[in-house]
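S.K.: First, the structure itself, so that you have it in front of you.
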Amino acid sequence: MTIRLSAAIERFPIAGNFTIARGSKTEAVVVTVRLEQDGHVGHGECVPYARYGETPQSTLAAIETLAPAFAAGMSRSELQQGLPPGAARNALDCALWDLEAKRTGTSVAVLAGTTLPQHIETAFTISLGTPDGMAEAAAKAAHLPLLKIKLGAPGDAERLGAVRAAAPGTRLVVDANEGWHPDDLPVLLDICAHCRVELVEQPLPANADEALTEIDHPVPICADESGHALAGLEALVGRYDAINIKLDKTGGLTEALAVAGRAETLGLSVMVGCMVSTSLSMLPARLLASRARWIDLDGPLLLEQDRPDGLVYERGTITGAASPLWGG
């Protein structure tokens, strides 16, 4: 059955800027996929990430290379073999799920054999900045149930203390984006525990995280850059307590569901995360919510404007089950 593939690079301005330990950006650059078959259209979106050697142009080229294979009826299982985990496969995989839902008149949640909560509590991200600037941002967001604090630079103890003082009743998770040094880790983890942080995400560089096996974890530690897809998942055990599953790392919903299942078997808690992107990226990731202890799907909240028919956010909670944008 012939599938017509088209793809494009799109840009969405960020509200202000988004800063982590590796730098800042003022726009979200995504690659979108459209798969058309017998009058039905499936959509997908991905975020190429320079940390993994991806660019929008290389991702678009990888997607377009598969146009003949899709014209010949490429299936989702064949796609898993045709591309490695990464942004390009994510957009295509999610578009195939959406296309199947449209063709069959069935939601992706039903097709995937999972449940979709009516209300999903998500983190809201506070960008890396000065202690005073981050405290101000945290105070404005203190009414939300969960804040994700970006750290990973000298002065993190002061930043975290300022944020906790500004939002004393809000749940906190921390993301160091590989920015901490092993020698500083015990002290920083103790400070996190004192500030009632629930989770510390990727404190050390992915290629230098051996120290995590040798120190106490007063706060659970979550792998992000250290954990991508099914391959290598077992190596996280003993170093990490949780894994952040992002569809742009796993290469789509298909492998993300498998990673969640395997992580549970290995005793790893699950966090569902995202890149800065639109609701078209959040909707597939939302299907992992029922299996996750922490959910970080705030990408559209960081943009000046989301796509039409995007997700509805109310006081830190994603509401509603169905969306015409993706998934049925």
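S.K.: What is the sum of charges around Gln37, taking Lys and Arg as +1, Asp and Glu as -1, for the other residues whose C-beta is under 14 Å from the C-beta of Gln37? Could the numbers behind the result be given before it?
M.R.: Numbers: positive: Arg4, Arg34, Arg76, Lys102, Arg103; negative: Glu36, Asp38, Asp98, Glu100.
Residues close to Gln37 contribute a combined charge of +1.
S.K.: Also: Starting with the highest mean, order 310-319, 110-119 by the number of other Cβ atoms within 10 Å, averaged over the residues of each peptide.
M.R.: Working: 310-319: 16.6, 110-119: 13.7.
Answer by packing, highest mean first, reads 310-319, 110-119.
S.K.: If I take every Cα pair under 8 Å that is 6 or more residues apart in the chain, average their sequence separation and divide by the length, what percent do I get for the relative contact order?
M.R.: On the way: 735 pairs, mean separation 63.8, N = 328.
In percent, rounded to a whole number, it is 19.
S.K.: Per DSSP H run of at least 4 residues, take -39500 (n - 2.57); add these up for the chain, divide by its residues and hand me the 222 nm value, nearest 500 deg cm²/dmol. Let's see the in-between values first.
M.R.: Details: 11 runs with 101 residues, N = 328.
The helix contribution divided over the chain gives -9000 deg cm²/dmol.
S.K.: Using only Cα atoms, find the angle between the long axis of helix 56-65 and the longest principal axis of the chain, and express it within 0 to 90 degrees, rounded to the nearest 10.
M.R.: Here the helix axis deviates by roughly 30 degrees.
S.K.: Further, regarding this structure: With a 1.4 Å probe and all protein chains left in place, how much accessible area per residue does region 195-266 have, in Å²? Don't skip to the end; give the middle numbers.
M.R.: Values: 2420 Å² over 72 residues.
Here the per-residue accessible area is 34 Å².
S.K.: While we're looking at this one, here's another question. With a 1.4 Å probe and all protein chains left in place, how much of the accessible area of the chain comes from carbon and sulfur atoms, in whole percent?
M.R.: Working: 6780 of 12870 Å².
Answer for the chain is 53 percent, counting heavy atoms of protein chains only.
S.K.: How many Å² of accessible area per residue for region 75-178, probe 1.4 Å?
M.R.: Values: 3900 Å² over 104 residues.
It amounts to 37 Å² per residue over region 75-178.
S.K.: Could I ask something else about it? May I ask you to evaluate 6.51 cos²θ - 1.76 cosθ + 1.60, the Karplus curve with θ = phi - 60°, for each residue of region 6-18 and list the ³J(HN,Hα) values in order in whole Hz, giving x for glycine and proline?
M.R.: With coefficients 6.51, -1.76 and 1.60, one gets 9, 8, 7, 8, 10, 10, 10, x, 8, 6, x, 8, 10 Hz.
S.K.: Subtracting the Cα-Cα distance from 0.36 nm times the residue separation, let me have the gained length for Ser24 to Gln118 in nm, one decimal.
M.R.: Working: separation 94, 0.36 × 94 = 33.84 nm, distance 3.35 nm.
Stretched out fully, the Ser24 to Gln118 stretch lengthens by 30.5 nm.
S.K.: Considering only DSSP beta bridges with both partners in the chain, what is the antiparallel share in %, to the nearest 5? Mind showing how you got there, number by number?
M.R.: Working: 27 of 49 bridges.
Taking every DSSP beta bridge with both residues in the chain, the antiparallel ones total about 55 percent.
S.K.: Classify region 35-144: rounded, prolate or oblate, from the alpha-carbon gyration tensor (a ≥ b ≥ c, eigenvalue square roots; a/c under 1.5 rounded; otherwise prolate if a/b is larger than b/c)?
M.R.: On the way: a/c = 3.30, a/b = 1.61, b/c = 2.06.
Oblate is the answer for region 35-144, as a/c is 1.5 or above yet b/c matches or exceeds a/b.
S.K.: Would you calculate the separation in nanometres between label points at Asp309 and Glu136, each defined as 7 Å from the Cα along the Cα-to-beta-carbon direction?
M.R.: For the pair Asp309/Glu136, the computed spacing is 3.9 nm.
S.K.: So I have (1) 58; (2) 62; (3) 42, and one of them is percent of Cα pairs over 27 Å apart calculated from this model. Which one is it?
M.R.: Of the labelled values, this structure produces (3).
S.K.: What are the lysines whose alpha-carbon lies under 20 Å from the alpha-carbon of Lys246, with same-chain residues fewer than 8 places away excluded?
M.R.: Lys25, Lys148, Lys150
The values are calculated or read from the model by the stated rules, or taken from the named source; none is laboratory data. Everything numeric in this text was worked out from a predicted model, so none of it was measured. Methodologically, a virtual Cβ is constructed for each residue, glycine included, from the backbone with ideal geometry; neighbour enumeration extends over all protein chains shown. Note: accessible area is taken over every heavy atom of the protein model, side chains too, but ligands, DNA and RNA are not part of it. Shrake-Rupley method; radii C 1.70, N 1.55, O 1.52, S 1.80 Å.
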